[in-house]
Amino acid sequence: MKDKPFLTPKQEKVLNFIRKRIGERLPPTIREIGEELGFKSTGTVRDYLKALMQKGLVRRMNSKSRAIELTERASFNKIPIIGTIMAGKPNLAYEEIQGYVDADDLFLGRLGFDDVFALRVKGDSMIDAGILDGDIAVIKKRPDANNNDIVAALLDNNEVTLKRLRNKAGKFHLEAANANYPPIFEEFKVIGKLITVIRKY
């Protein structure tokens, strides 16, 4: 995916409003953009749209009033699936983008899209937590978590696994949600906390 182009604060507001309305399945008219953002002239709105078109973020068909479309480059509300995470025996999760999760598939509240990533689950060690092989685990980037949180953890040998964080006598370890898998007591680093799982049928 290409780098995000530089946008002025006003251009960002125009683009975010267009994203919001397209997400509601009703692209905005030029007049609605002007009313939302307090522009007195439709010519001002056209100038902003022209700038966004030049940056490859929107398309317009002049013959229609609701013909503003986002380009693929503007789809920054997609969370990258950066690899596979083992929910079984730990394994290396290569950070190679394998696709995207659309924001329409989940509600992130105030999280920014730079704060999250997604991993495809492989294995059955978390089945008793309702996490199955092939699910998409959406992870909030953070270096810590609380007892009983499900986390993406980086082990000493650069392997990554999805497990429940447990605290026993002041020391944390990782625990599967499947009795067939033993706890992991070796050194690890939390790289993110599970916030939701997406499963498509």
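The values are calculated or read from the model by the stated rules, or taken from the named source; none is laboratory data. If you're wondering where the values come from, they're calculated on a predicted model, not measured in any experiment. With ideal geometry, Cβ positions are generated from the backbone for all residues, glycine too; neighbour counts draw on all protein chains shown.
Numbers for the structure displayed
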item	result
One residue from 62, 77 being among the polar types (S, T, N, Q), surrounded by 13 or more Cβ atoms within 10 Å (Cβ to Cβ) and at pLDDT below 75	77
Of residues in the stretch 34-51 being loosely packed, with under 12 Cβ neighbours inside 10 Å and in contact with a helix residue (DSSP H, G or I) (Cβ under 8 Å, 6 or more places away or on another chain), the one modelled with the lowest pLDDT	40
Of residues in the stretch 156-183 being under 22 Å from residue 135 (Cα atoms) and of a type in the set (A, V, I, L, M, F, W, C), the one farthest from the chain's Cα centre (by Cα)	179
The stretch 132-152, residues that are among the aliphatic types (A, V, I, L, M) and over 18 Å from the mean Cα position of the chain (by Cα)	132, 145
Flag if residue 185 is farther than 15 Å from residue 199 by Cβ and in contact with a His (Cβ under 8 Å, 6 or more places away or on another chain)	yes
Search result, residues across the stretch 148-165 that are farther than 14 Å from residue 126 by Cα and either in a loop (DSSP other than H, G, I, E, B) or at pLDDT 95 or above (or both)	156, 157, 158, 159
Residue count for the stretch 166-175, restricted to those that are at pLDDT 95 or above and of a type outside the set (A, V, I, L, M, F, W, C)	3
Residues satisfying the stated conditions in the stretch 42-60, i.e. in a helix (DSSP H, G or I) and touching a residue at least 40 places away in the same chain (Cβ under 8 Å)	51, 52
Failed criterion for residue 120 (all others in (1) modelled with pLDDT under 90; (2) buried (at least 17 other Cβ atoms within 10 Å of the Cβ); (3) in a loop (DSSP other than H, G, I, E, B) hold)	(3)
